[in-house]
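In what follows, a single structure is set out as structure tokens and then discussed.
The values are calculated or read from the model by the stated rules, or taken from the named source; none is laboratory data. What you see is a predicted model, and the numbers here were worked out from it, not measured in a lab. Neighbour counts are summed over all protein chains in view; Cβ atoms, including those assigned to glycine, are modelled from backbone coordinates with ideal geometry. These area figures cover heavy atoms from the full protein model, side chains too; ligands, DNA and RNA do not enter into them. Shrake-Rupley method; radii C 1.70, N 1.55, O 1.52, S 1.80 Å.
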Amino acid sequence: MLLITGVAYGGSVVNSKHNMIGGPGPYIPDADTDQVCVFCHTPHQTADATAQDPLWNKQVTQTATFGVYASPTLDADMSNAEIGGKGAGSQSVSALCMGCHDGTVAVNSLYRTPSDGGVGVAKKLTGYANLGTSLSDDHPINFTYDATLATKDGGLKPPVSDKRVDNVEPYLPLFEGTLQCASCHNVHDNDTYKPFLRSSINGSALCLRCHEK
Ligand code: HEC
Ligand code: HEC
Ligand code: HEC
Ligand code: HEC
């Protein structure tokens, strides 16, 4: 056996469960389009997507209230952390995930239909990957994680910038200083660290990138 070490091979969305038409799965096998990205992005948005970035093409969630995590020891300011009740154009990165992962809008409900074929019969996400419409029992998201919070908490690393936690690759990104689903998850790569993670969970390495525990 040839053992290859020391090289990080980035996986691709093409061979992941986020490939709705191929890969392992696929979730929408009856789609005629041959495009992978189109279930989330389009190069030319329609007006009803109201310029939701990044070039978003997936119908957003209509859930008004997801709730937010709360606990006696939490130090973060959660007053703007609610991700529900916002339309296309002002959705947080986490709300984009919940456009499929809250199980309320079909995975293949798109703003712009691809030119090369249909997207199949409407199908919502069910089963273990459906997180439902409550986020009060999930790791907190959509709040500012900065040096001030790290000082207040005493057990958190101060982020190096409002774009990322540290300078270790692959980075754990922050979105305008906020922690989102995509800080822990890489939506485009399920293979490097399953399930779609930014860092290994062996020895809880992912958690220790932020928490000094
Ligand atoms: C299942 C949904 C999904 C699919 C499929 C998908 N993306 Fe994304 N993409 C996202 C989300 C969510 C974000 C924002 C979160 C982030 O930046 O990590 C994003 C961000 C991006 C960005 C901007 C941020 C960055 O990393 O540079 C680019 C560029 C991008 N995607 C390209 C692509 C391309 C090209 C494909 C197809 C090969 C693709 N995506 C397929 C969901 C998806
Ligand atoms: C266009 C719809 C769509 C969007 C948007 C989307 N997902 Fe998914 N996701 C899916 C589907 C479909 C599956 C596969 C479900 C299954 O196999 O039962 C999945 C699976 C997953 C899994 C489990 C993978 C595994 O191997 O067990 C994770 C984790 C995940 N998604 C995270 C995210 C995160 C985080 C975001 C946002 C950054 C996101 N997804 C955005 C549709 C989506
Ligand atoms: C603090 C890091 C972190 C954040 C933030 C986070 N996740 Fe996860 N997520 C994980 C880890 C770690 C796992 C794997 C858990 C395991 O295997 O025991 C996971 C698992 C999942 C799964 C697989 C099903 C399951 O219940 O295990 C889905 C789907 C998922 N996450 C989606 C999301 C979405 C959507 C968001 C934002 C609302 C999010 N995650 C926010 C770390 C995170
Ligand atoms: C990207 C950085 C980041 C990652 C990765 C991360 N966390 Fe967190 N986590 C935070 C921040 C920031 C808070 C808010 C802490 C506070 O306000 O007291 C938090 C909050 C928590 C809380 C709630 C604390 C409380 O006082 O109620 C727990 C528990 C927790 N994280 C566990 C984990 C675990 C377990 C993992 C790995 C699966 C993980 N975190 C990964 C940044 C992260």
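Hey, does segment 24-45 have a residue that's among the β-branched types (Val, Ile, Thr), open to solvent by 40 Å² or more (accessible area, probe 1.4 Å) and under 20 Å from residue 128 (Cβ atoms)?
no
Picking from residues in segment 158-172 that are more than 12 Å from residue 147 (Cα to Cα), in contact (Cβ under 8 Å) with a residue 12 or more places away in the chain and not charged (D, E, K, R), the one that is surrounded by the most Cβ atoms within 10 Å (Cβ to Cβ) is 172. Out of curiosity, is residue 151 under 24 Å from residue 70 (Cα atoms), outside any loop (DSSP other than H, G, I, E, B) and open to solvent by 50 Å² or more (accessible area, probe 1.4 Å)? Yes; evaluated as a whole, the condition is true for this residue. Looking at segment 156-171, which of the residues that are under 22 Å from residue 73 (Cβ atoms) and within 15 Å of ligand 3 (Cβ to nearest atom) is nearest to the chain's Cα centre (by Cα)? This residue is 165.
Does residue 189 satisfy being in a loop (DSSP other than H, G, I, E, B), within 14 Å of ligand 2 (Cβ to nearest atom) and open to solvent by less than 20 Å² (accessible area, probe 1.4 Å)? The answer is yes for residue 189.
Considering only segment 123-145, state which residues are open to solvent by 70 Å² or more (accessible area, probe 1.4 Å), farther than 26 Å from residue 28 by Cα and more than 10 Å from ligand 3 (Cβ to nearest atom).
Step one: of segment 123-145, the residues open to solvent by 70 Å² or more (accessible area, probe 1.4 Å) are 123-124, 126, 128, 131, 137, 139, 144.
Filter once more, so that each one left must be farther than 26 Å from residue 28 by Cα: 137, 139, 144.
Result: 137, 144.
Results for (1) in contact (Cβ under 8 Å) with a residue 40 or more places away in the chain; (2) in a loop (DSSP other than H, G, I, E, B); (3) not aliphatic (A, V, I, L, M), shown as yes or no for each residue.
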position	(1), (2), (3)
20	yes, yes, no
24	no, yes, yes
43	no, yes, yes
48	yes, no, yes
53	no, yes, yes
71	no, yes, yes
77	yes, yes, yes
88	yes, yes, no
100	yes, no, yes
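Answer yes or no as to whether residue 63 is over 25 Å from residue 114 (Cα atoms), open to solvent by 90 Å² or more (accessible area, probe 1.4 Å) and part of a loop (DSSP other than H, G, I, E, B). Walk me through it before giving the result.
On the way: over 25 Å from residue 114 (Cα atoms): yes; open to solvent by 90 Å² or more (accessible area, probe 1.4 Å): no; part of a loop (DSSP other than H, G, I, E, B): yes.
No.
Select from segment 81-96 the residues that are within 15 Å of ligand 2 (Cβ to nearest atom) and either open to solvent by 40 Å² or more (accessible area, probe 1.4 Å) or more than 17 Å from the chain's Cα centre (by Cα) (or both) and list them in ascending order. If the condition is that a residue be within 15 Å of ligand 2 (Cβ to nearest atom) and either open to solvent by 40 Å² or more (accessible area, probe 1.4 Å) or more than 17 Å from the chain's Cα centre (by Cα) (or both), then 93 is the only one that fits.
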